[in-house]
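We did not get these values from a lab; they are worked out from the coordinates using the rules stated. What you see is a predicted model, and the numbers here were worked out from it, not measured in a lab. Glycine gets a Cβ as well: all are built from the backbone with ideal geometry, and neighbour counts include every protein chain shown.
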């Protein structure tokens, strides 16, 4: 399912409207910054088998995130690099080599309808023959194109983000309100046993495969707000991690929330590769989030 | 026909708000007490208070049955728990001067066609509950319901409490498609599906009203704390009023 996404739709969760927005915000921001867009510009989010694109005029584009082996007119192109495309060029994606979610940025603003302060698709997706106009940024958002001196530091930032997302099997979380309702065995299993993402994953949530987890006693909880990264324990003992299109409130046990800086790792994690959970705290999560955001300033 | 009624509230100072971090970008306020109707009013007041401050750190304020959750921007937040405790402090000291019983809510009246063609679970509920369909409708339309919170999908309001005589657990296996406007029961809760969606609630009728409108000036028909009363309409009235896609 391919969609147009931006930073998401906030301010309406109290009436049940999911925030949406990029799944892997780090790769999306990276692709935007590389072509000179504001980091939170709208961008195409792609899943394999991904849509193909035909360009009606010359553009600067960039692909970041998952490597689906992008091919421009039958020639393979690099990721995380600005690419010049010409009129009638076609872009295809050949195979899911690394990661699960890819981003295609185009220099300029993608012209699409804004609903509640966001262009993020919620119930719709890209369809065959959809056409998008690319419009120049207005004065406020005009980006300084004098990038040459920055290239060296930008490469360093790309490496840092890529390494963070793709070279780690550790995903950190902060225990949630029902953490202490888990049995001791379940708590130790979460920390010590490997987990995999399952194929039953989409923009609403990722279901995990791992040891079966249990509550000390089966009880029902009053529904309460959840957020992206919330780890809910389903009645069958599996964890579902909520993603961008999540429901705004939920009634399953909230056993923890994956920290925002590590969420892209889970988004991109191939289902056949196991990962491990570890516990962290708010201070660490904030400092690492801010550290990573420095790559875009 | 417009009704007004008063929400009963306890003295506000009975509530003892606490704050906990919910991961790295949310704060959850909660009250140790049991949920009741005074609680809805309290949560609504706290929600409105925080909303009125228009704080730049806050991206969303989400009420539910017994909690109020803030989604914040990490880049702008320094000490989340200190920030949260400061809000509790400001709210608690400010409200001492308020008059507790002032809130008056209009009752939102919702027409429902309880025809079996829409109320597809009425027959099985009637058997299970040993009540006639007429009695189920009478009981469902007697109460004034409170909107506890919204969620599940845009505009879906969780309302309660349903009279124990017609409380029915949701289906073990959710239906793949429930029509927009469907009125359902799940235990002590009742609610309306704003759009076509999968769902497990026991469906007893359908409203012709549009419950969620994408127009930013309209959006959700209900908000937390609203009072709602259902009244029965005929099939012909339903057809003439219907605003939903069939």
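Numbers at a glance
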{"read-out": "Cα gyration tensor, region A:3-166 - rounded (a/c under 1.5), prolate or oblate", "value": "rounded"}
{"read-out": "Peptide B:52-62 - average C-beta neighbours from other chains (10 Å radius)", "value": "3"}
{"read-out": "Cα-based Rg / Dmax (Å) for region B:105-241", "value": "13.8, 44"}
{"read-out": "Stokes-Einstein D for region B:170-232, Kirkwood Rh over Cα pairs, 20 °C, 1.002 mPa s (µm²/s)", "value": "171 µm²/s"}
{"read-out": "Alpha-carbon gyration tensor eigenvalues x 5, square-rooted, for region A:170-296, Å", "value": "22, 16, 15"}
{"read-out": "Cα-based shape type of chain B, given that a ≥ b ≥ c are square roots of the gyration tensor eigenvalues and the cut on a/c is 1.5", "value": "prolate"}
{"read-out": "Ranking of A:223, A:86, A:64 by count of other Cβ atoms within 10 Å, fewest first", "value": "A:86, A:223, A:64"}
{"read-out": "Ellipsoid equivalent to region A:37-103 - semi-axes via the Cα gyration tensor, in Å", "value": "17, 15, 10"}
{"read-out": "Estimated distance in nm for a label pair at residue A:185 and residue B:16, the labels positioned 7 Å out from Cα along Cα-to-Cβ", "value": "3.6 nm"}
{"read-out": "Convex hull (Cα only) mean projected area of the protein assembly as shown, reported in nm² to one decimal", "value": "27.1 nm²"}
{"read-out": "Within 10 Å of each Cβ in A:248-260, the average number of Cβ atoms from other chains", "value": "4"}
{"read-out": "Relative exposure of A:69, A:226, B:112, judged by other C-beta atoms within 10 Å (fewest first)", "value": "A:69, B:112, A:226"}
{"read-out": "5 Å binning of all Cα-Cα separations within chain A, expressed as whole percents from 0 upward", "value": "1, 5, 11, 16, 17, 16, 13, 9, 6, 3, 2, 1, 0"}
{"read-out": "Theoretical gain in end-to-end length, residue A:153 to residue A:132 [0.36 nm per residue, Cα-Cα removed]", "value": "4.3 nm"}
{"read-out": "On Cα atoms only, tilt of A:151-166 relative to the major axis of chain A in degrees", "value": "30 degrees"}
{"read-out": "Ranked B:197, B:240, A:102, criterion: other C-beta atoms within 10 Å, fewest first", "value": "B:240, B:197, A:102"}
{"read-out": "Between helix B:133-142 and chain B: long-axis angle, C-alpha atoms, 0 to 90°, nearest 10", "value": "30 degrees"}
{"read-out": "Range of Cα positions in region B:15-153 per principal axis (Å), largest first", "value": "58, 35, 25"}
{"read-out": "Separation between Cα centres of region B:128-165 and region A:21-69, rounded to whole Å", "value": "46 Å"}
{"read-out": "Chain B: angle of helix B:80-95 to the longest principal axis, Cα-based, in degrees nearest 10", "value": "80 degrees"}
{"read-out": "Region A:228-282: C-alpha gyration tensor shape, a/c 1.5 cut-off, then a/b vs b/c", "value": "rounded"}
{"read-out": "Inter-site label distance for residue B:170 and residue B:36 at 7 Å from Cα along Cβ, in nm", "value": "2.7 nm"}
